[in-house]
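Participant: The structure's right below; bear with me while I get my questions together.
The values are calculated or read from the model by the stated rules, or taken from the named source; none is laboratory data. These figures come from a predicted structure and were not determined experimentally. In this analysis, Cβ positions are derived from the backbone assuming ideal geometry, glycine residues included, and neighbour counts consider all displayed protein chains.
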Amino acid sequence: MSYIIDRRLNSKNKSTVNRQRFLKRYRKQIRKSVSDAVNQRNIQDMEQGESISIPTKDISEPAFSHGKGGRRTVVHPGNKEFAEGDRLPRPEGGQGGSGQGQASDSGEGMDEFVFQISQSEFLEFMFENLALPNMVKRQLLGMDSFSYHQAGISEVGNPNQMNLVRTMRSAQARRIALGGKKRKKRRELRQQLVAFIEPLSKSEHLKKLTIEEEIAVLTKKLNALPYIDEYDLKYNLKVKTPKPSPQAVMFCVMDVSGSMTQDIKNTAKRFFFLLYLFLQRNYKKIEVVFIRHHTKASEVDEETFFYDRETGGTVVSSALEMVSDVIQERYPPDQWNIYTAQASDGDNWPNDQAICHKLMTEKILPFVQYFTYIEIGSSQPQELWHLYQGIQRDFSHNFATSRVENDADIYPVFRELFKKRVNNEH
C-alpha cells in the first residue's frame with residue numbers, strides 16, 4: 001500500500017494540507033470536543049483555541065495483510081517457563097487512559113492522542129453550518145465587491161485574454177480579402193499554361209515565359225501577406241460589475257430587570273456573546289444594535305451591554321418600541337435584512353402584554369427576516385412565553401422561540417436557532 005504525504009512546509013514548519021486533511025478526517029470527534037469546551041468556558045475565553053483529545057482506537061489506520069493460514073510450529077528462544085497447552089494468567093491492573101484504579105506493576109497501553117487547534121479553527125468548528133435565515137441581497141453596497149463577466153470581443157487587451165478562434169478567423173478573412181483577386185488571376189494564368197501544347201513556336205514560348213513570370217510575381221505577393229497581422233488580434237472583453245452584497249442589522253435585546261438573577265443574566269450574556277462572535281466571523285457587512293431594558297429601554301454600546309449592572313422593573317414593550325423606532329429611523333426594511341434576538345426570564349408587567357402583542361404583530365415581525373426569543377430559567381413558562389407562543393402560530397416562517405435552563409443549554413439551542421436552512425439565499 002502506498003502513502004502519499006505532502007511535506008511542503010507552511011508557517012512554523014507545518015504542512016497546512018496535511019493538517020486540513022487530518023481535521024476533516026476527525027471532524028466528528030473535534031466537533032464534539034468543541035461543543036463540550038463551549039459549554040464549560042467563561043465568556044472571556046470563548047474564542048480561544050482548544051486542546052482536542054481523540055481516543056487512540058479512533059486514529060488507528062486500517063491495513064491489509066496476509067492471513068497466517070494452515071498450521072505452523074514456532075519456537076521462541078528463551079522460553080524456560082511454559083510448555084504447549086499451558087494457560088497464561090491475565091496480567092493484573094488496567095491499561096493507561098483514565099488513570100483511575102490502583103497502581104500495578106504490570107500491564108501496558110496507550111493514552112489518548114491530544115493535539116491543539118487554533119483560534120480560527122476553533123471558531124470554524126463552533127459556527128459550522130450556521131447562517132442567518134432568510135438573507136436577501138437587497139441592494140449594492142459600495143464598490144469593494146466585484147465580479148467579472150464576458151462582454152464581447154475587444155481589439156485591445158492582455159495576451160492571456162486573447163481569443164484564438166476569433167483571431168484566426170479574422171486573419172483568414174483578411175488574407176482572403178487581400179489576396180482574392182491575385183489568386184483568381186493566378187488560377188486563370190495556370191489554366192492558360194495548361195493550354196499550351198508542345199512543340200511551341202517562338203511566339204508561344206515567349207508568351208509562356210511571360211505567363212510564368214507573372215505567376216511567380218503573384219505568388220510572391222501572396223506569400224508576402226502576413227499570416228497574422230496586428231489588426232487580426234482579438235481579445236475577450238471582461239467588464240467589472242459590482243456584486244450585490246447583503247446588508248443586515250441584528251438587534252440584541254436583553255432583559256436586565258430585577259427578576260433576572262445574576263445566573264440568568266450570565267446565561268443571556270453567553271447567548272449574545274456567541275451571537276456576536278458568529279456575526280463578526282461570518283458577515284462583513286452587518287451592524288449590531290445593543291438594547292437593554294427594565295422599565296425603560298436604552299440603546300448602549302457593546303461594553304455597557306455586557307458589563308453594566310443597571311436594573312429595575314420589567315416593561316418589555318419599552319424595548320420592542322425602541323426596536324421599531326430604530327428600524328424606521330435608520331434601517332428601511334426594503335434595503336436592510338433585519339434580525340432580532342431577545343433573551344429574558346419571561347417575566348413581564350401584566351398590563352404590558354397587550355402592548356407587546358401589538359408591537360410584535362404590527363411593527364416588528366412583518367418587517368424582520370428573523371426574530372428569535374429564548375426564555376431562561378428552570379421555572380414554568382412565564383407570561384412572555386405564552387404571549388409569543390400565540391404570535392408564533394401566525395409568524396412561523398420568521399419567528400422562533402426556545403427555552404433554556406442553564407449555560408449548558410445555550411450552545412445546542414444557538415445551533416438549532418441559526419442552523420442553515422435550504423431556503424437561505426446568501
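Participant: Which residue out of Ser324, Ser298, Ser317 is part of a strand (DSSP E or B) and in contact with a Lys or Arg (Cβ under 9 Å, 6 or more places away or on another chain)?
Facilitator: The match here is Ser298.
Participant: Which of the residues that make up the stretch 275-295 are in a loop (DSSP other than H, G, I, E, B) and aromatic (Phe, Trp, Tyr)?
Facilitator: Passing the criteria: only Tyr283.
Participant: Looking at the stretch 148-189, which of its residues are among the aromatic types (Phe, Trp, Tyr) and part of a helix (DSSP H, G or I)?
Facilitator: Matches in the stretch 148-189: none.
Let's see how each residue does on (1) surrounded by 12 or more Cβ atoms within 10 Å (Cβ to Cβ); (2) more than 30 Å from Gly377 (Cβ to Cβ); (3) in the same structural domain as Met322 (by TED's automatic domain parsing):
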position: Arg190; (1), (2), (3): yes, yes, no
position: Thr210; (1), (2), (3): no, yes, no
position: Phe271; (1), (2), (3): yes, no, yes
position: Phe278; (1), (2), (3): yes, no, yes
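Participant: Test of understanding: among Phe196, Phe271, Phe290, Phe278, which residue is without any contact (Cβ under 8 Å) to a residue 60 or more places away in the chain, of a type in the set (Phe, Trp, Tyr) and in contact with a Phe, Trp or Tyr (Cβ under 7 Å, 6 or more places away or on another chain)?
Facilitator: When all the criteria are applied, what remains is Phe290.
Participant: Failed condition for Gln262, given (1) under 22 Å from Asp409 (Cβ atoms); (2) touching a helix residue (DSSP H, G or I) at 6+ places or on another chain (Cβ under 6 Å); (3) surrounded by fewer than 18 Cβ atoms within 10 Å (Cβ to Cβ), with all others met?
Facilitator: It is condition (2) that Gln262 fails.
Participant: Quick one: what pairs do we get from the stretch 214-241, first residue more than 11 Å from Thr167 (Cβ to Cβ), second acidic (Asp, Glu) and part of a helix (DSSP H, G or I), C-beta under 7 Å, 6+ apart or different chains?
Facilitator: Once the first residue is more than 11 Å from Thr167 (Cβ to Cβ) and sits in the stretch 214-241, no partner that is acidic (Asp, Glu) and part of a helix (DSSP H, G or I) comes close enough.
Participant: OK, next. Does the stretch 200-210 contain at least one residue that is touching a residue at least 12 places away in the same chain (Cβ under 8 Å) and either part of a loop (DSSP other than H, G, I, E, B) or at negative phi (or both)?
Facilitator: Looking through the stretch 200-210, at least one residue is touching a residue at least 12 places away in the same chain (Cβ under 8 Å) and either part of a loop (DSSP other than H, G, I, E, B) or at negative phi (or both).
Participant: Tell me the helices (runs of 4 or more DSSP H) entirely within the stretch 331-426 that contain at least 3 residues that are surrounded by fewer than 19 Cβ atoms within 10 Å (Cβ to Cβ) and under 26 Å from the mean Cα position of the chain (by Cα).
Facilitator: 410-417
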